[in-house]
């Protein structure tokens, strides 16, 4: 028997538990599992509370007769909020350290440039970004080889080529694909224009066919009327000429039969 693997969100679990037309035991089990997952996510499933008196005895009896959720929901991918809060606290501490270091840096800049004001001007930016910002101005002996590389033009150009080559290659490849797409779009535009022109001819032919059909219908009506008139003329001739002759035929036949 094959097993079905399905992943659901907490919102979908809430929908399954409370969104059904009828609440059954399976809905309550899903809701039970949802609360278990939320407690695990809040990392408070093992925190304890105390109830005294008769109510405590009643709750103890309920706890003894209760059961855990029978649905095997896998919660390995559930990320605890406490972990995120710890990361947030670490980030806040790091922000405070960086802000403190930045303020010390600005204070050093003000001392070096004899600035008593905390407001910085663009005019003084060269002083701020000069000796106080450049790493190799007062480089330590251990950092001198790195500073020599940073001042080496060939090394800088080699690094730029290494860094730019993947990006430039992708840009050139994208430009080539765009050019091919442009050619395909022009061909599609041409074929579309031809198709539209043929469709215009088809519309004209359809109009001509419709007009010709109306003309045929008119001719058919005229022919039918002519045939009716001809039949009326033939009927008139029959009544005026043929029928009187036929009325004379019996007496003529009777008169001449004995002679034969």
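The values are calculated or read from the model by the stated rules, or taken from the named source; none is laboratory data. Nothing here was measured: the structure is a model prediction, and the numbers come from that model. When we count neighbours, we look across all protein chains shown, and the Cβ atoms used for this are built from the backbone with ideal geometry, even at glycine.
Does residue 84 satisfy being closer than 30 Å to residue 11 by Cβ and at pLDDT 80 or above? Taking the combined requirement at face value, the residue satisfies it. Taken over region 57-67, residues that are surrounded by 11 or more Cβ atoms within 10 Å (Cβ to Cβ) and at pLDDT below 80 amount to 0.
Check whether at least one residue in region 131-138 is exposed (fewer than 10 other Cβ atoms within 10 Å of the Cβ) and either under 30 Å from residue 103 (Cβ atoms) or modelled with pLDDT under 80 (or both), and report yes or no. Yes, region 131-138 contains a residue that is exposed (fewer than 10 other Cβ atoms within 10 Å of the Cβ) and either under 30 Å from residue 103 (Cβ atoms) or modelled with pLDDT under 80 (or both).
Residues are listed down the side, and each one gets a yes or a no for (1) in a helix (DSSP H, G or I); (2) at pLDDT below 85; (3) loosely packed, with under 11 Cβ neighbours inside 10 Å; (4) under 36 Å from the mean Cα position of the chain (by Cα):
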| site | (1), (2), (3), (4) |
| --- | --- |
| 32 | yes, no, no, yes |
| 48 | no, yes, yes, no |
| 51 | no, yes, no, no |
| 69 | no, yes, no, no |
| 77 | no, yes, yes, yes |
| 102 | yes, yes, yes, no |
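Screening the candidates 40, 22 for the property of being out of contact with any helix residue (DSSP H, G or I) (no Cβ under 6 Å at 6 or more places or on another chain) and either surrounded by 13 or more Cβ atoms within 10 Å (Cβ to Cβ) or assigned to a helix (DSSP H, G or I) (or both) yields one hit, 40.
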